[in-house]
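Single-structure report; data block below.
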Amino acid sequence: MLDIAVAYNRYRFLGNEFLTWLWFSIENDMETLRRSDPDFLDLDVGNRMVLENRLANGKENIAIKGDAAGLEEALLALRKGALITDMHLIYKSGTLEWQFALKGENLSFSALKLPETGPMESADDKEGVILEKIYLYEKPFQLIDKLFQIFIKNRLSAQWQELIIPGMKKWLTPE
């Protein structure tokens with residue numbers, strides 16, 4: 001049995017591959033993503049992305065931030081062999097919108113912004129407000145769990161080498 005630290009270091013690349021696949025899927029295969037949630041409307045890359053390229057003589061980190069920032073630098077970094085290590089996402093389901101950042105290393109969430117909720121009008125509404133908040137917190141976690149399941153199934157299938165990797169290479173190739 002692998003020591004937890006050894007397993008963590010050996011397989012942490014999967015989260016970075018997941019985020020890279022997720023961006024590719026957002027740009028090219030939204031139907032696959034829609035299978036994760038019956039109310040799924042949209043998933044977009046937000047205003048922040050961090051990439052890492054492990055080179056022979058060290059590693060290079062590329063951070064792209066800002067509302068007007070283009071993602072051309074990120075595509076160039078991917079062409080050079082980088083993987084996404086941190087990505088800000090905007091998730092829309094039904095009439096609701098969540099914003100959060102997701103780290104590839106351990107799929108941890110940060111900067112989670114929940115949709116607005118109605119005010120509590122009376123003490124009797126307390127339980128309903130709490131249940132609504134719980135639902136709103138769980139929804140993005142459930143999304144990422146389902147998307148990661150889709151990713152792992154693809155990653156372990158023959159489709160990964162036959163369809164997905166060539167599709168990603170085509171996406172990254174400038175026209």
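The values are calculated or read from the model by the stated rules, or taken from the named source; none is laboratory data. Bear in mind the structure is a predicted one, so any value in this text is a computation, not a measurement. Note that each Cβ is placed from the backbone with ideal geometry, even for glycine, and that neighbours are counted across all protein chains shown. Accessible surface is based on the protein model in full, side chains and every heavy atom, while ligands, DNA and RNA are left aside. Shrake-Rupley method; radii C 1.70, N 1.55, O 1.52, S 1.80 Å.
Given the structure, is Ala111 closer than 18 Å to Gly66 by Cα, surrounded by 12 or more Cβ atoms within 10 Å (Cβ to Cβ), among the small types (Gly, Ala, Ser) and under 22 Å from the mean Cα position of the chain (by Cα)?
no
If we keep just the residues of segment 118-132 that are under 20 Å from Thr95 (Cα atoms) and among the small types (Gly, Ala, Ser), which is modelled with the lowest pLDDT?
Result: Gly118.
Consider Phe100 against the criteria (1) exposed (fewer than 15 other Cβ atoms within 10 Å of the Cβ); (2) within 13 Å of the chain's Cα centre (by Cα): it satisfies all of them except one. Which criterion is unmet?
Of everything listed in (1) exposed (fewer than 15 other Cβ atoms within 10 Å of the Cβ); (2) within 13 Å of the chain's Cα centre (by Cα), Phe100 misses just condition (1).
Specify the residue that is farthest from Leu43 (Cα to Cα); the eligible residues are those in segment 93-150 that are of a type in the set (A, V, I, L, M, F, W, C) and in contact with a Gly (Cβ under 9 Å, 6 or more places away or on another chain).
Among residues in segment 93-150 that are of a type in the set (A, V, I, L, M, F, W, C) and in contact with a Gly (Cβ under 9 Å, 6 or more places away or on another chain), the one farthest from Leu43 (Cα to Cα) is Met120.
Are any residues in segment 139-172 without any contact (Cβ under 8 Å) to a residue 40 or more places away in the chain, open to solvent by less than 90 Å² (accessible area, probe 1.4 Å) and more than 16 Å from Phe18 (Cβ to Cβ), and if so, which ones?
Those that are without any contact (Cβ under 8 Å) to a residue 40 or more places away in the chain, open to solvent by less than 90 Å² (accessible area, probe 1.4 Å) and more than 16 Å from Phe18 (Cβ to Cβ): Ala158, Pro166.
Hey, which of the helices (runs of 4 or more DSSP H) in segment 1-41, taking only ones fully inside, have at least 2 residues that are touching a Leu at 6+ places or on another chain (Cβ under 7 Å)?
In segment 1-41, the matching helices (runs of 4 or more DSSP H) lie at 13-28.
Just to check your reading of the model, which residue among Glu52, Glu60 is over 12 Å from the mean Cα position of the chain (by Cα), at pLDDT 90 or above and in a strand (DSSP E or B)?
So the residue among Glu52, Glu60 that is over 12 Å from the mean Cα position of the chain (by Cα), at pLDDT 90 or above and in a strand (DSSP E or B) is Glu52.
This table checks each residue for (1) within 29 Å of Ile62 (Cβ to Cβ); (2) touching a His at 6+ places or on another chain (Cβ under 9 Å); (3) among the polar types (S, T, N, Q).
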position	(1), (2), (3)
Arg79	yes, no, no
Leu83	yes, no, no
Glu116	no, no, no
Asp125	no, no, no
Leu131	no, no, no
Tyr137	no, no, no
Arg155	yes, no, no
Ile165	yes, no, no
Thr173	yes, no, yes
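Just wondering, is there one or more residues in segment 122-132 that are open to solvent by less than 50 Å² (accessible area, probe 1.4 Å) and closer than 26 Å to Gly15 by Cα?
No, segment 122-132 has no match at all.
Here's a check for you: in segment 9-59, which residue that is of a type in the set (Phe, Trp, Tyr) and touching a residue at least 24 places away in the same chain (Cβ under 8 Å) is most open to solvent (accessible area, probe 1.4 Å)?
Here the answer is Phe13.
Condition (residue is out of contact with any strand residue (DSSP E or B) (no Cβ under 9 Å at 6 or more places or on another chain), over 25 Å from Asp29 (Cα atoms) and at pLDDT below 95) applied to segment 135-149: is it met by at least one residue?
Yes, that holds for at least one residue.
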